[in-house]
Amino acid sequence: MKKYGIFIAFVFLCNIIWAQTLKGSKVPPTDVKTLNGSIVNTAKFSNNGKPIIIDFWATWCKPCVAELDAINDEYADWQKETGVKVIAISVDDQRTSTKVSSFIKEKGWTYESYLDPNQDFQRNMQVINVPCTFIIDGNGQIAWVHNSYLEGDESKLYDALKKIAAKK
């Protein structure tokens, strides 16, 4: 049992280090689907020079849902202060992706939302586990990465967001 815990910690640490290597690079162009099934390339993600939060999540992931709920509680204020746009990328597979649209409506989230049912974008962003949150700066570069979610992590996200928005 102890070996299993060490292995989990090692995988988690490797994931953090691996995701951090993306800092300073552009979002990899990858096709994702809108909730109505249209294809959009991630190279088209933009926010008029203002930051974007990209959050990888799944309907079955309780920490993912808690994080997006916490962000939703603050989203209007964050938008006023920084102009941020949140893009939620569901990594639900073909079996569960049909539930995503109704799940989002039920939650009342107003985020731009996409499906990544084959996890192509997830792989291209080097996301091993969800939730995984990125802040993209006004120049389209990955400026901040955070993996997992604990209550209060939205404050870290907001602090990073303010610093990145101020650099413009």
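The values are calculated or read from the model by the stated rules, or taken from the named source; none is laboratory data. If you're wondering where the values come from, they're calculated on a predicted model, not measured in any experiment. Counting neighbours? That spans all protein chains shown, and the Cβs are built from the backbone with ideal geometry, glycine included. Calculation scope for accessible area: heavy atoms of the full protein, side chains included, ligands and nucleic acids excluded. Shrake-Rupley method; radii C 1.70, N 1.55, O 1.52, S 1.80 Å.
Over 26 Å between Cα atoms, which of LYS23/LYS99; LYS85/LYS107; LYS26/LYS163; LYS26/LYS156 qualify? Mind showing how you got there, number by number?
Details: LYS23/LYS99 32 Å; LYS85/LYS107 18 Å; LYS26/LYS163 19 Å; LYS26/LYS156 22 Å.
In this structure, LYS23/LYS99 lie more than 26 Å apart at Cα.
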Bridge type composition, the chain - antiparallel percent by DSSP, nearest 5: 60
Relative contact order of region 29-145: what whole-number percent is it, with Cα pairs under 8 angstrom and at least 6 residues apart? 36
Would you please give the residues with an amide H less than 5 Å from that of GLU112, counting only those at least 5 places away or on a separate chain, with H modeled from the backbone geometry? VAL86, ALA88
Gain upon complete extension [ASN124, LEU150; 0.36 nm per residue less C-alpha separation]: 6.9 nm
Of 118-127, 96-105, 49-58, ordering from highest average Cβ density within 10 Å down gives 49-58, 118-127, 96-105
For every other residue with a beta carbon closer than 13 angstrom to the beta carbon of PHE56, add +1 if it is Lys or Arg and -1 if Asp or Glu, then tell me the sum. -4
Using 1/(1 + (r/R0)^6) with R0 = 41 angstrom and r between the beta carbons of ASP69 and ASN139, what's the FRET efficiency to the nearest 0.05? 0.90
Compute the length gained on full extension between LYS44 and LYS23: take 0.36 nm times their separation in residues and subtract their Cα-Cα distance, giving the result in nm to one decimal. 5.7 nm
Per residue of region 78-89, in order, report the coupling 6.51 cos²θ - 1.76 cosθ + 1.60 (Karplus, θ = phi - 60°) as ³J(HN,Hα) in whole Hz, putting x for Gly and Pro. 4, 5, 4, 7, 10, x, 4, 10, 9, 10, 9, 10
Quick one: grab the alpha carbon gyration tensor of region 99-160, order the square roots of its eigenvalues as a ≥ b ≥ c, and give me rounded if a/c is under 1.5, else prolate or oblate depending on whether a/b is larger than b/c. oblate
Report Rg (one decimal) and Dmax (nearest whole number) for the chain, counting Cα atoms only, units Å. 15.4, 50
Given a 1.4 angstrom probe, what's the average accessible area per residue across the chain, in square angstrom? 54
Among the aspartates and glutamates, select those whose C-alpha is under 13 Å from the C-alpha of LYS33, and discard any that sit fewer than 8 residues away in the same chain. ASP92, ASP93, GLU112, ASP116, ASP120
Going by average Cβ neighbours within 10 Å, how do the peptides 79-90, 137-148 rank, with the highest at the top? 79-90, 137-148
